Amino acid sequence: RRNPAPLARDNLAMSLNVFDAARELGTGKLVAAGSVCAYPKFTPVPFSEDDIWDGYPEESNAPYGLAKKMNFVLSDAYRRQYGFDSCVPVLANLYGPGDNFDLEDSHVIAAMVHKYAVATERGEPEVVLWGTGEPSREFLYVDDAARALLLCAEKLDVSDPVNIGTGAETRIRDLAEMISELTGYEGKTVWDTSRPDGQPKRYLDVSRARELIGFEAEMPLEEGLRRTIDSFRAVDMAALASA
């Protein structure tokens, strides 16, 4: 929201540089990770790869989403022009240990973990979260994502988009309740409805990944959240306490 121009420019530049360098250096296979942000704002759920070109992305992340969407064009064009083998798997929202937990720049799970863990430690009476809590998202644990990218490198020989995720929808309000319980927070959650919700619904049809590369996510959300909370408390919260 603060930096739409660098998001568009930098991501376009990175894609162009990486595709050119990989081709010129004779790279055998390029896996260019795509993003669920490339999907149109209003897409039938679960999101099918066939619908990815059928509209404009959600406005707040459109500069990023459209820049990432160009990877499909680059992959197809370089394959046809140069015979260069690449693929662009579309990743769901990622989370896990070692995430960016900074409240200004983190994604939803990392931000919630930070807020609830700190509020629990300090005995704060309430935690304020953005929006209404009604939108839904899909969350993919980092180890599952890494395994999927390796499978793409080994087996995915097309430039068409392929969704990588769990295929499970989680409402933001339900996610907040889960993280609140896992951190042991006993206060009140307040929803700041003056803040934007973003895309109304977002989860993926993952059948193509199952068919083409044999990928299925393995980490249950609750266990992944528990590991993420432990990571924050062991490293980031300790750093906050010593600051």
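Key figures
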| item | result |
| --- | --- |
| Cα-based Rg and Dmax for the stretch 136-243, where Dmax is the largest Cα-Cα distance (Å) | 17.1, 50 |
| Cleavage-rule hits (GluC sites (Glu not before Pro)) in the stretch 173-207: DSSP loop, at most 16 neighbouring Cβ within 10 angstrom | Glu186 |
| Largest to smallest principal axis extent of the C-alpha atoms in the stretch 187-243, angstrom | 48, 33, 20 |
| Fully extended contour minus Cα-Cα distance, from Lys29 to Asn3, at 0.36 nm per residue | 6.2 nm |
| P(r) weight above 23 Å for the stretch 1-144, C-alpha pairs, percent | 47 |
| Calculated [θ] (222 nm, deg cm²/dmol) that DSSP helices of n ≥ 4 give over the chain, each run adding -39,500 (n - 2.57) | -14000 deg cm²/dmol |
| Equivalent ellipsoid dimensions for the stretch 99-140 as semi-axes, Å, which come from the Cα gyration tensor, largest first | 19, 14, 9 |
| Accessible surface of the stretch 136-183, 1.4 Å probe, proportion on carbon and sulfur as whole % | 50 |
| At 0.890 mPa s and 25 °C, Stokes diffusion of the chain via Kirkwood alpha-carbon radius, µm² per second | 129 |
| Diffusion constant of the stretch 116-166 at 4 °C, which comes from Stokes-Einstein with the Kirkwood Cα-pair radius and 1.567 mPa s, µm²/s | 88 |
| Gained length - Val235 relative to Ser106, 0.36 nm times residue gap less alpha-carbon distance | 44.9 nm |
| Accessible area (Å², per residue) of the chain, counting only protein heavy atoms and a probe of 1.4 Å | 50 |
| Surface share of carbon and sulfur [accessible, 1.4 angstrom probe, percent] for the stretch 21-68 | 55 |
| Nearest-10 value in Å² for the accessible area of Thr120, using the 1.4 Å probe | 40 |
| Förster radius 45 Å - calculated FRET efficiency between Val190 and Arg147 (Cβ-Cβ, nearest 0.05) | 0.75 |
| Calculated from backbone phi, Karplus (6.51, -1.76, 1.60) coupling profile of the stretch 48-65 in Hz, x at Gly/Pro | 9, 4, 5, 9, 5, 9, 9, x, 8, x, 4, 4, 5, 10, 4, x, 6, x |
| Using distinct alpha-carbon pairs, which all enter the 1/r mean, Kirkwood radius of the stretch 137-176 in Å | 11.8 |
| Mean Cα-pair separation over length for the stretch 1-132, i.e. relative contact order, pairs under 8 Å, 6 or more apart, % | 24 |
| Tyr78 - accessible surface, heavy atoms, 1.4 Å probe, Å² rounded to 10 | 30 |
| Lysine pairs within the chain, Cα separation less than 25 Å, 8 or more sequence positions apart or different chains | 12 |
| Estimated distance in nm for a label pair at Asp54 and Arg210, the labels positioned 7 Å out from Cα along Cα-to-Cβ | 2.1 |
| HN-Hα J in Hz across the stretch 86-94 - Karplus 6.51, -1.76, 1.60, θ = phi - 60°, x for Gly and Pro | 8, 8, 9, x, 9, 8, 5, 4, 9 |
| Candidate residues Asp54, Asp197: accessible-area rank, largest first, probe 1.4 Å | Asp54, Asp197 |
| R0 of 45 Å, Cβ-Cβ distance Glu169-Met14: FRET efficiency to nearest 0.05 | 0.90 |
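The values are calculated or read from the model by the stated rules, or taken from the named source; none is laboratory data. Just so it is clear, the structure is predicted and the values come from calculations on it, not from any experiment. Cβ coordinates were reconstructed from backbone atoms using ideal geometry, including for glycine residues, and neighbour counts include every protein chain displayed. Please note that ligands, DNA and RNA were not included when accessible areas were found on the heavy atoms of the full protein model with its side chains. Shrake-Rupley method; radii C 1.70, N 1.55, O 1.52, S 1.80 Å.
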